[in-house]
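Quick notes on the structure that follows.
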Amino acid sequence: MTNKIANFLFVKTQVPKLEKYLDLSAKRHMLVSSNIANVSTPGYKSRDIDFQEEFNKATQETSRLAGETTHRSHIPLGQHKDRAPEVIEAKVESGEMNSVNIDTEISNMAQNELLFAVGSRLLQRNFESLRKAITSK
């Protein structure tokens, strides 16, 4: 009985999608902050992820095919939800020290902070709604 309730409360709601949303936002934050930290490192290639594509892949809202894993030892293929996000490395242009553009990275950081704030606020509201439904207040 408790599995059915937990399944209804957490799987049938937006909680799993919001969890993946926040996880991707945290992964992107790590990449962007690493880019900022290495702004003076010669030869460093800036790294990022395509947030929307990775979110669609994680929530299986994509038109691309995903390989099916039938055993825990199988390697996820294609747009599989368990596959790690694809990190995109920028090329270092000739004559440049590295591929980090500090203005772009600061902009990416601000955008990512907004995405995370929205995702966490939506998750908070989702739990508030569940609490109200349970307590009938």
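Annotations for the structure displayed:
- Residue within the stretch 95-113 that is of a type in the set (G, A, S) and at pLDDT below 80 present: yes
- Residues being touching a residue at least 60 places away in the same chain (Cβ under 8 Å) and over 30 Å from I102 (Cβ atoms) - total across the stretch 13-32: 5
- Search result, residues across the stretch 87-109 that are part of a loop (DSSP other than H, G, I, E, B) and under 18 Å from S25 (Cα atoms): V87
- Residue list for the stretch 33-46, restricted to those being in contact (Cβ under 8 Å) with a residue 40 or more places away in the chain and closer than 17 Å to E113 by Cα: S33, N35, I36
The values are calculated or read from the model by the stated rules, or taken from the named source; none is laboratory data. Since the model is a prediction, treat every value here as computed from it, not as a measurement. For neighbour counting, all protein chains shown are included, and Cβ atoms are generated from backbone atoms with ideal geometry for every residue, glycine included.
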